[in-house]
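Only one structure is covered here, and it is reproduced in the block below.
The values are calculated or read from the model by the stated rules, or taken from the named source; none is laboratory data. Not measured: the values here are computed from a predicted model. Cβ coordinates were reconstructed from backbone atoms using ideal geometry, including for glycine residues, and neighbour counts include every protein chain displayed. In case anyone asks, the SASA skips ligands and DNA or RNA and just uses the protein heavy atoms, side chains included. Shrake-Rupley method; radii C 1.70, N 1.55, O 1.52, S 1.80 Å.
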Amino acid sequence: MSLAFCGNENNSLAYNVDRGVLNNGCFLDALNVVPHIFLLFITFPILFIGWGSQSSKVHIHHSTWLHFPGHNLRWLLTFILLFVLVCEIAEGIVSDGFTQSLHLHLYMPAGLAFMAGITSIIYYHNIETSNFPKLLLALLFYWVLAFLMKTIKFAKYTEHSVGLRQLRYCITGLLALLYGLLLAVEINVILGRRYLCFTEATEVKPPEDLQDLGVRFLQPFVNLLSKATYWWMNTFITAAHCRPIDLKVIGKLPIAMRALTNYLKLRKAFESQRRPLGSMPQGPKWIWRALRQAFGRPLIISITFRFLADLLGFAGPLCISGIVHHISKDNRTIQPPLLGVYFISSQEFLANAYVLAVLLFFALILQRTFLQASYYVAIETGINLRGAIQTKIYNKIMRLCTSNMSMGELTVGQICNLVAIDTNQLMWFFFLCPNLWAMPVQIIVGVILLYYLLGISALIGATVIAVLAPVQYFVATKLSQAQKSTLEYSSERLKKTNELLRGIKLLKLYAWEHIFCHSVEETRDKELTSLQTFALYTSISIFMNAAIPIAAVLTTFVVHVHISEEADLSPAVAFASLSLFHILVTPLFLLSSVVRSTVKALVSAQKLSEFFSSDEIGDEQEPNATMPTGPSNHKTIPSCPRNHNNKYQAVVSTQLSHNVLRTLCFLELVESVVITSGYFTWTDGTPTLSNINSKVPFGQLTMIVGQVGCGKSSLLLAALGEMQRVSGTVTWNICFHCVYLGRKRGSVAYASQKPWLLNATLVENITFEMPMIKPRYKAVIEACSLQPDIDILPQGDLTEIGERGIILSGGQRQRIGVARALYQQTNVVLLDDPFSALDIHLSDHLMQEGICKLLREEKRTVVLVTHKLQYLPHADWIIAMKDGTIQTEGTLKDIQNSDPKLFEQWKTLMHRQDGEFEKETVAESMTVLERKNLRRAMYSKEAAKTEEEHEESVESEVDDSLSQAMRHRTTIPWRSCGVYLSSAGLLLPLLLLSQLFKHTLMVAIDYWLAHWTSHVITAKMDATGRNCTVECGFSHSWYLSVFSVLCCLGIVLCLVTSVAVEWTGLRVAKELHHNLLSKIILAPMRLFETTPLGNILNRFSSDTNTIDQHIPATLECLSRSTLLCVSALGVISYVTPVFLIALVPLAIACYFIQKYFRVASRDLQQLEDSTQLPLLSHFSETVEGLTTIRAFRYESRFRQRLLEYTDANNIASLFLTAANRWLEVRMEYVGACVVLIAAVASISNSLYNHLSTGLVGLGLTYALMVSNYLNWMVRNLADMEVQLGSVKRINGLLKTEPENYEGLMAASQVPDGWPRQGEIQIQNLSVRYDTTLKPVLKQVNAHISPGQKVGICGRTGSGKSSFSLAFFRMVDMFEGRIIIDDIDIAKLPLQTLRSRFSIILQDPILFSGTIRFNLDPEMKATDDMLWEALEIAQLKPVVKTLPGGLDAMVTEGGENFSQGQRQLFCLARAFVRKSSILIMDEATASIDMATESILQKVVMTAFADRTVVTIAHRVHTILNADLVIVMKRGIILEYDRPQALLEKEDSVFAAFVKADK
């Protein structure tokens, strides 16, 4: 066929110029080529020669700086221009098909214009990013020329009466308009930047974010194309393959997305709702209103994008209908030429199947782009909102009343749930919000189109869907209810598991682990019942989503065929309807999750509004500190400037130099704190403290003493303003004449009774945000005797101590708390019982070096709450308390004179004479139990590491630490997948077979439909060919019955697969949790000493939750989308085998996209999880240390840290979202290519090889499905990979070797009352903590007679505690034996052995539940026995006053009792178990001396006939013992009666006793 620009027919009108050249169509087209060639010639040299010389000068993310006015509009217009040009090319090609020769002028100018359009935007982008506006002149000329040429062409068309009926006329007009608009944009740039026609150009500075190279999240700053396709993420995602993604790689958040920016936005929205009187409205409504005001605008943009995407979604079915329809009939009408060329109408243009295929491709690409943009905007808004709400919650926490926490109204868990769950619910609601608006539109448009295709029968099909919609809704609500109850049970199970793990040592020693394990299992069973309901409704939901379209299609076609004999059931109608039904089901599929999400969001808003309206600590006014006038020789440390309307005004703390203070104190005794007629309460009931009139002198040591529970700690907290003040005043005078009233005070160093540690290094815990001053730090470490402990720690003082300081013992934690208070340079130091967990040497050392020396020398005001009455002579001022009131106050001399009786009582308790107070402590004394425990933990950690280096179980230790988790960048964890599936047992083959059968059937249904409709068409053609009407009627009944049977089978199989998946998931969840709990309960103590508690707890919380709820859903989704893709590609290849050739490059593209994405996605998901942990622990840390933070006045510093944690978590979430969108856009584009190739191939196949139209429809329908399911497949694969990590971690713990619970004797062989006498023989005993470690007891021999009281003492690491643990076989007894009442304990079953002894540990452990349960979980004792035990332990009066007596509740960890009371409960617990052997492991650490001496007597009397082994920190507690064993380095050094040992001159015991005086 000949080729020429104007065509070369002999009679061609194309060369006719009789009426002037401008009236010749071909010349007009030639004229239009000029501007495009001009642009290409001008811009190519500039683009390819000497480019980049500008950009190197700009040190910013220069490639993203968009600063020319009208930037987005230009990109938008260019996109529209390119689309119109593609249409012009297509129109030219189609209209050229009507002639014999080819007319190049019909489409070549449009092709050049297309190239010029692309060049113009590339050129513009490069000029903009290199900031060289003068080069835009080339574009200005181009737009002018192009606009002029198109206008001339348009005018000529009008003149020759070419009108709107002709498509080319419309296209030309549209192009003229677009060129005109682009010209206007160009002129706007000149006016804005003044680079032309103005003397001075406008200076523009890049935004702050782009000047900061740390900001790497560029979505807000890139151009429109990069925004839509996430092009800027390419380098980021490919780089992830070479280097793990961590916080350094992802950089900082842009300012507009930071938590602080969004919090201020939210606060402004809240403030705008204030009522005229200044009060805030209550209830969830005002939260919704504020959220709408602060974050509503981006949500509207997201909804708009969603609308556009949904409308474009209908292009698929319409184009399929058009293509199949036009293939099946040939229609061409030739119209006379105008201006020498043919013009076609839009109908003719759209009647071309190839044109429809290209339009479908563009529609798909646009639809996917809009959809992803909608998702992105919604999620970004949700993430911003989450950050804002978390910050608001934190600010609220900082103002919470302490009573809310201590009375159990708000627990740490509840607050963590608000942060972890409720803020996420609101975020998810915002993400799903566009669906709420889009679903009705989708349904209405879908039904209208179906009606247009099928008539009345479509409405019946739609009715099936509509009738099932309420069922879907019902299922969704049931699902959310099931999930709610599951959540309740799982949090209860977690609480129990947490208690079990925290008290595991006690449970093992008392042989109670099975009771607690059973309790956890009970809750787990309830949770599983709830999970069963959840699984049932989930499977119904999955089943309905799969079965509804089948049912709807079946009903529709049955009705359609039966309503009229002449029913048009052509492939065009059938497959378009099929696609429409699939579209209609999408909103229904989403309905359940949207409803669920909405319900959850409403509940979360309710919870948040309740939390925001809970009690706050009293408002603060601005401080009015009046300073003495005169020479200013004082230092003021101003706090961070904060908003004046903030309730939390950080107060200026004024600190004077010591000289001035000393002078002031000579002038007059100044009170530091004065409380007058104070009544204070925790709750609204009777005041805890009543009629308090007290003062704390300035620069002196004040001691507060009194019995357990008399209100000593409460007095400190009342002074700090933590208690509710009923009446009276608290006045703080930070210095002379410097009066702060109420809570208006500066920073106060405070060490709480229950030590509070940060999740940070030891040195950070002590300096606590203060600058490091080496000499001072050394002095504090020395005063608190921390150096030996630091030497034991693996990284010295840079060791992380976190998880409430779990690797440290009580005494070590307490000393760190005290060290923090000593290190601070505040004028006032409050120490709440700092000696409770310390032995005598440490207490003396701390008193002498820390309090008397360090604090006294600095003339700081010290308030010390203590039980150690021997230190009273050091006090400058003493406050004695009794039952919530002040009994007396004054100096020791004053009290001796005013209350001699009390003084005498004190004196007898002091155990020493006044003159002995100033003695020096033994220099090398070390805390006894703790360092050994610590050293042991370090030992076993090292051992564990060497032993398990090659095992997977190392992961359980490593996995939660961010730095190492990033290194596990393996391929898909197939082994974990195997572990998961093998736990399913017989359900596995059922699952696999049902899935395969179901998808085979699905293909069969659609294939039969193609077969059936093709036959309808051929029958029609035959009928028209043979000109018969009635006798050739086509019978649908045979086809219809097969179709119905297939559909019904399909529906049944849908049910089977959905049930199989969920039941498999349940079976695995049950199996894995049961195995994990059994393994953990029987694991040796070494596991708990070497693995952080948080790690083990995570296996039970997040990992179990993943296995319970997430893996089954992901597995179902993954198998469904994979099988759908495979079956779709199979069908397309069957219909058009040529498609397989095109499949190869597409498959390669998909492989690389998913390969890069999976690695990046896994890293980002782990990063998101690991940045959430510090955020949540910061919240719980703050709640636990609220009093300390407020006492120090460190609120603003902690807020700053919160903002950093929130931003880190948010940027990980944003990058993860962007990565998901990156994948989906690419996969959708690949899907669109599949559709285009399949369409073009099947059209060609049909036109030239007579492929049946039914199969064309089938191929196209399946091609559309591929584009939907491709990205789901990759996303689910990535999710599955991350979720299988949970199985891997749990599997790691399942490999733990349990303790040997079996004995050589059966439990029935052990005599009932054993041990009756309590005679203990230790023969040649050697003990070690692990086979890899050195022995801690070596060849020990001892004999303890029945009923003897034995005291064991010795320095740290001497093996005292190991001695006590050996009785319980908690350590490895590798040599020798212990014989108790003639039975070798090695032969006994562990459970029996441990259940026959009693032990009291140093750390008091109480469990949540009743007092009865805490004393006797086995429920063996009678009430009388329990009351007797409480009486012995001095607790009867306390318990009597509680509501419910023995059935009164103990809160988690026994928080509603003081430390001393908790220890007494532990004693009572030991008395309840009437065993003839009692072991006391320094049981009197946190008890005041009066109570302790009573207890010592009680032990001697109540246990007169039993054997008592006491491990002593205070040697005086074992002076009355029958036998004393002194140990050193695992051997017995001395072994005799105490009197005999004291008489010996060189006795070690005698030296101890001397030191203890």
Taking a label point 7 Å from the Cα of CYS170 along Cα-to-Cβ, the residues of segment 77-121 whose backbone nitrogen sits under 13 Å from it are 84, 87-88, 91
Report the GluC sites (Glu not before Pro) located in segment 201-301 that are in a DSSP loop and have at most 16 other Cβ atoms inside 10 Å of their Cβ, or state none.
GLU203
What distance in nm lies between label points placed 7 Å from Cα along the C-beta direction at TYR1134 and ILE1148?
2.9 nm
At the level of C-alpha centres, the distance separating segment 428-489 and segment 1044-1117, in angstrom, is 29 Å
What distance in nm separates the simple spin-label points at SER898 and ARG1197, each placed 7 Å from Cα in the Cβ direction?
3.8 nm
Would you mind computing Rg(Cα) / (2.2 N^0.38 Å) for segment 124-167, counting N as its residues?
1.79
I'd like the distance separating the alpha-carbon centroids of segment 576-617 and segment 80-156, in whole Å.
47 Å
Per-residue HN-Hα couplings for segment 1065-1072, Karplus 6.51 cos²θ - 1.76 cosθ + 1.60 at θ = phi - 60°, whole Hz, x for Gly and Pro?
x, 5, 4, 5, 4, 4, 4, 5
Relative to a virtual label point 7 Å from the Cα of ASN1300 in the Cα→beta-carbon direction, which members of segment 1312-1342 show backbone nitrogen distances below 16 Å?
1326-1332
Express the Stokes-Einstein translational diffusion coefficient of segment 436-529 in µm² s⁻¹, to the nearest whole number, given a Kirkwood radius over alpha-carbon pairs, 20 °C and a viscosity of 1.002 mPa s.
122 µm²/s
Sorted from largest to smallest, which semi-axis lengths in Å does the alpha carbon gyration tensor of segment 760-863 give for its equivalent ellipsoid, taking the root of 5 times each eigenvalue?
21, 16, 12
Note down the net charge around THR304, summing +1 for each Lys or Arg and -1 for each Asp or Glu among other residues with Cβ under 12 Å from its Cβ.
+1
Let's test the formula: R0 of 25 Å, r as the Cβ-Cβ distance of THR261 and HIS1110. What FRET efficiency results, to the nearest 0.05?
0.15
Overall dimensions of segment 1367-1485 by Cα: Rg and Dmax, Å
15.9, 52
Take the Cβ-Cβ distance between GLN707 and LEU1533 as r, set R0 to 45 Å, and report the resulting FRET efficiency rounded to the nearest 0.05.
0.75
Given the Cα-Cα distance of GLN282 and VAL144 and 0.36 nm per residue of separation, how much length would full extension add, in nm?
43.5 nm
Given the C-alpha centroids of segment 1459-1475 and segment 1298-1313, what is the distance between them in whole angstrom?
26 Å
Under a 5 Å amide H to amide H cut-off, with H placed in plane at 1.01 Å, what residues pair with ARG194 once short-range neighbours are removed?
THR202
Summed residue charge, Cβ within 11 Å of GLY711's Cβ, Lys/Arg positive, Asp/Glu negative:
+1
Please give me the summed charge of the neighbours of ASP1207: other residues whose Cβ is under 12 Å from its Cβ, Lys and Arg +1, Asp and Glu -1.
+3
Could you put THR229, THR1000, THR1441 in order of accessible surface area, largest first, with the 1.4 Å probe and the full protein assembly present?
THR1441, THR1000, THR229
Rg [Å, one decimal], Dmax [Å, integer] - segment 1042-1188, C-alpha atoms
23.4, 77
Apply 1/(1 + (r/R0)^6) to the Cβ-Cβ distance of PHE362 and ALA760, taking R0 = 56 Å, and write down the FRET efficiency to the nearest 0.05.
0.50
What full-extension length gain, to one decimal in nm, is calculated for SER1395 and MET770 as 0.36 nm per residue of separation minus the Cα-Cα distance?
220.0 nm
